[in-house]
1. Calculate, in nm to one decimal, what ALA142 and ILE14 gain on full extension: separation in residues at 0.36 nm each, minus their alpha carbon distance.
2. For each pair in LYS96/LYS150; LYS88/LYS206; LYS88/LYS148; LYS148/LYS203; LYS81/LYS138; LYS6/LYS150, compute the distance between the two Cα atoms and list the pairs where it is over 19 Å.
3. Given the C-alpha centroids of segment 91-120 and segment 134-164, what is the distance between them in whole angstrom?
Amino acid sequence: MNFQKKQIPNILTILRILILPILIGIFIAIACDCDTIPIYSINAPKNVVWQHNLLFLISGILFTIASFTDLLDGYLARKYKWVSDFGKLWDPIADKILVNTTLIFFAVWQLTPWWIVVVMIVRDTIVDASRMYAASKKIVVAADIYGKLKTITQMVGIILIFFIFNFRAPINKPIIIYYFPQNIFMIIALLFSIISGVNYLVKIIKLTKHK
């Protein structure tokens, strides 16, 4: 029974990995043939009809499920020490592919400014390379509070865009009123991303000087 419980974080990671190709497939379908995709309509107050791309809605649900499994397996691994070599390798890989692929498609669809996506991906690449270098020196640097806040605000920002921004705004309202608010969390995530990345690099530089 204990063995099965210890495998829960790994099962959640595998579930997230299985969701990835489905999510990417939906992204490609939307990008290739957006005009023929069903529209899901909602009657809002004041006789305004909000329309939502049905496949976009489904992809948002899948992303939310994948994000929940990420938070849950991390919580279980930390609380009960259910850590494995499989989880150490595949959990961060699945997370990076999930988030970065979604951000790239958001940039392509012009839902999120491209420069935010570029900075976030470059930051992750530099930090990952630094982590590999630190590991070769047998140095372990724990994630700080800014890194955790970056992850939380990033996922919240993405989910908001999935479920809110894609609604079509009334014609007589400036699009900035609907576009900018839904990217506030992405901008906050960008700030946390830069701060945590700089903090990580500074720690690595200080620790490697003594090696």
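1. On the way: separation 128, 0.36 × 128 = 46.08 nm, distance 2.40 nm.
Stretched out fully, the ALA142 to ILE14 stretch lengthens by 43.7 nm.
2. Numbers: LYS96/LYS150 13 Å; LYS88/LYS206 25 Å; LYS88/LYS148 17 Å; LYS148/LYS203 17 Å; LYS81/LYS138 21 Å; LYS6/LYS150 28 Å.
Cα-Cα > 19 Å for LYS88/LYS206; LYS81/LYS138; LYS6/LYS150; rest within.
3. The distance from the Cα centre of segment 91-120 to that of segment 134-164 comes to 13 Å.
Coordinate-derived values only; no laboratory data. Nothing here was measured: the structure is a model prediction, and the numbers come from that model.
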